[in-house]
Amino acid sequence: MAGSRLPRQLFLQGVAVVFALAFASLYLQIPGLYGAEGILPARRTLRPQGKGRWQQLWETPTLLWEAPQLGLDTSQGLELLTLLGTLLALGALLLRRLRNVFVYLLLWAAYLSACQVGQVFLYFQWDSLLLETGFLAVLVAPLRQPPHHKQAPQGGLAGTSPHEGLPFWLVRWLLFRLMFASGVVKLTSRCPAWWGLTALTYHYETQCLPTPASWFAHHLPVWLHRLSVVATFLIEIAVPPLFFAPVRRLRLAAFYSQVLLQVLIIITGNYNFFNLLTLVLTTALLDDGHLTAESGDSHCQKRPTSWPRALLAVLSLLLELTVYGLLAYGTVHYFGLEVDWEQHVVRSRTMAEDGDPAHHVAGGGLPHLGTADGPLEVPYSYIEPSSHGHLWSGAHRLFGAVEHLQLANSYGLFRRMTGLGGRPEVVLEGSYDGHHWMEIEFMYKPGNVSRPPPVVVPHQPRLDWQMWFAALGPHTHSPWFTSLVLRLLQGKDPVVRLIQNDVAKYPFHKQPPTYVRAQRYKYWFSQPGEQSQWWRRQWVEEFFPPVSLGDPTLDMLLRQFGLQDKSPPRARGSGNTLAQALRWIRKQLSPLEASTLLWGLLAAVGAIRVMQALLGPHSPPSSPLAKEEKHRPAARKASGAAGRQAVPAPENCSSGSSQIPRRKK
């Protein structure tokens, strides 16, 4: 990993950005999700079992065990933790000296602590990915950051150990696992939409939270959708091995292909901080030479090279051409791509006979095991039981010992396409008399057919995401839904604010509904030309029966899922200064919509960085390589002609090396 000083700094800054967004987004939703009046109160997850303090902390590693010592309940402790995490992450982003081991260890520990009480709302793959990436940031970060004017020689990083390159290799390995597994599971799932190259004809419409661009992408030509699926397989399966290619330009080509995929996903889908985090991982494919403003091409063209280096350059070029040729040939051959020039379409041998796999798949399989964005991950070895059984028993024990720390996770994105016959969507309704029903509109998920899909990124509305998963099966597969119905009947304001932050837009803001029920619909994007409509929908069935407070059906479901309020929460921190400060901060921030607040946070960080650049030193800190270039003329003048002949031949720019020629000695 020679010459990785700048990519490592970029990686650490990127991890800080993602932590700040994740903590801030979660903070805004804590009262409705985990408060005493929330859907799944966090206080139920931390119950002392009479075990020792350290054993209890090891089995459930969360700093929230210490919340009572501060006079706070669990949800208040979670608010404090997320606020501190946000501030600490912003500090690491803005202040170079804070990008050290201890800060990233605190960030990782804080997010792990939140995940321990997050229950189903924090069971997403990006939460696991952030924890694993955050732990790698602990390994990548130095014990201390040197001042700007003190740099380690040869692209090193002061304050680090000789094995500093190994953790950054692990970042590259994590990126490989994420992308390669995401491509492989699409094939092992045997989903006909992926095998038939028609997955993207459904994806933009059926993903959890589409963007306005999703509507336009959905109406692109089918042949372009098929080519996009082929490109997805290419980028996720064939390109990741190039992360470890010995030729630098192959690694850079792999980097830009991954960036292209992630940017397109960001434009056409609201996937919170997930794609940004993936982009942060791609920094492991870069080097100092690629990130510096100077170009080494002119030096390489003017300096003679020895024949071994010239031969190496030719071999590198031949290897590049061979790789590109194999990728092109393999894509055309294995997918059987053919261009029909008369009909202006691209055909594939893998297509179903009728071109529509929807006739062969119903529902897309089990939602919590088959969907790529699901809250549960399935290790690949479990998908192949024979492989799982042949693993060394010591590996099972080692993984089991640290599994709760989420230091290593399994990934697999978009394993199966769901909603091939129409996007299932749950619509909540309330009534005062049981006869006249009013729909309860969510801020983010599809509901009103005339409302355009919102742009939510980088915020993740976790209730809206879980509503998408709930629609894929019966309500009994989502026990939290019964608790949501109960809170709406009780008129709990924190839960109402998860649905509509502007309470005036909630149809029952003056008085809670007497009855609540839920219907299942199927949604489709509207066709071009349909005026003022973004969606079409059709009623399918009743999802949740009409219930009221005290209804035997509701009470039975609450008992069945262990969601009854058996005892009122203990009043903590009523006169506590810290608790009062938390309530004051919440009161100031609660009127702000989450996406607006997060974008405002990013804008503030950007403004501060600009001010730092303007008020800082007029000449930017130069790298050791730039300093060497600065002193070369004086060195050449003093050395004379004989010294000039002793200059070693530089590496050819077309070779796989990322180093720049050194000055003579």
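The values are calculated or read from the model by the stated rules, or taken from the named source; none is laboratory data. Because the structure is a prediction, the values reported are computed rather than measured. Here the Cβ is made from the backbone with ideal geometry for all residues, glycine too, and neighbour counts use every protein chain on show. Note: accessible area is taken over every heavy atom of the protein model, side chains too, but ligands, DNA and RNA are not part of it. Shrake-Rupley method; radii C 1.70, N 1.55, O 1.52, S 1.80 Å.
List of remarks:
- Against the list (1) outside any loop (DSSP other than H, G, I, E, B); (2) of a type in the set (A, V, I, L, M, F, W, C); (3) surrounded by fewer than 21 Cβ atoms within 10 Å (Cβ to Cβ), the condition F508 fails is (1).
- Subset tally (residues that are open to solvent by 10 Å² or more (accessible area, probe 1.4 Å) and farther than 24 Å from W480 by Cβ) for region 15-47: 1
- The residues on offer are T74, T82, T86, T133, and the sole one that is touching a Lys or Arg at 6+ places or on another chain (Cβ under 8 Å), surrounded by 18 or more Cβ atoms within 10 Å (Cβ to Cβ) and in contact (Cβ under 8 Å) with a residue 12 or more places away in the chain is T74.
- The residues of region 265-285 that are of a type in the set (A, V, I, L, M) and either under 13 Å from the mean Cα position of the chain (by Cα) or within 26 Å of L6 (Cβ to Cβ) (or both), listed by number, are I265, I266, L276, L277, L279, V280, L281, A284, L285.
- Qualifying residues in region 189-203 (those that are under 13 Å from V230 (Cβ atoms) and crowded, with 22+ Cβ neighbours inside 10 Å) - the one farthest from the chain's Cα centre (by Cα): G196
- The listed residue being out of contact with any Lys or Arg (no Cβ under 8 Å at 6 or more places or on another chain) and either open to solvent by 10 Å² or more (accessible area, probe 1.4 Å) or touching a residue at least 12 places away in the same chain (Cβ under 8 Å) (or both), out of L63, L94, L12: L63
- Of all residues in region 436-447, those that are in contact (Cβ under 8 Å) with a residue 60 or more places away in the chain have Cβ atoms under 8 Å from Cβ atoms of residues that are hydrophobic (A, V, I, L, M, F, W, C) and part of a loop (DSSP other than H, G, I, E, B), 6 or more apart or on another chain, in M438/F508; I440/F508; Y444/L209; Y444/V456; K445/C208; K445/L209.
- Some residue of region 47-54 being more than 27 Å from P461 (Cβ to Cβ), of a type in the set (F, W, Y) and out of contact with any helix residue (DSSP H, G or I) (no Cβ under 8 Å at 6 or more places or on another chain): yes
- Flag for A217 being in contact with a His (Cβ under 9 Å, 6 or more places away or on another chain), modelled with pLDDT of 90 or more and of a type in the set (A, V, I, L, M, F, W, C): yes
- Test: residue in region 562-577 that is outside any loop (DSSP other than H, G, I, E, B), in contact (Cβ under 8 Å) with a residue 24 or more places away in the chain and open to solvent by less than 30 Å² (accessible area, probe 1.4 Å): no
- Among (1) modelled with pLDDT under 95; (2) of a type in the set (A, V, I, L, M); (3) crowded, with 17+ Cβ neighbours inside 10 Å - the single one V449 does not satisfy: (3)
- Enumeration of residues in region 204-229 that are crowded, with 23+ Cβ neighbours inside 10 Å and farther than 17 Å from W534 by Cβ: R226, V229
- Here L63 passes the criteria (1) over 21 Å from the mean Cα position of the chain (by Cα); (2) over 24 Å from A579 (Cα atoms) except the one numbered (2).
- Residue within region 174-192 that is touching an Asp or Glu at 6+ places or on another chain (Cβ under 9 Å), touching a residue at least 60 places away in the same chain (Cβ under 8 Å) and outside any helix (DSSP H, G or I) present: no
- Selection from region 455-471 of residues that are under 22 Å from the mean Cα position of the chain (by Cα), buried (at least 21 other Cβ atoms within 10 Å of the Cβ) and part of a loop (DSSP other than H, G, I, E, B): V456, V457, P458, H459, Q460, P461
- Here E530 meets each of (1) open to solvent by 30 Å² or more (accessible area, probe 1.4 Å); (2) of a type outside the set (A, V, I, L, M); (3) in contact (Cβ under 8 Å) with a residue 60 or more places away in the chain; (4) out of contact with any Lys or Arg (no Cβ under 6 Å at 6 or more places or on another chain) with one exception, condition (3).
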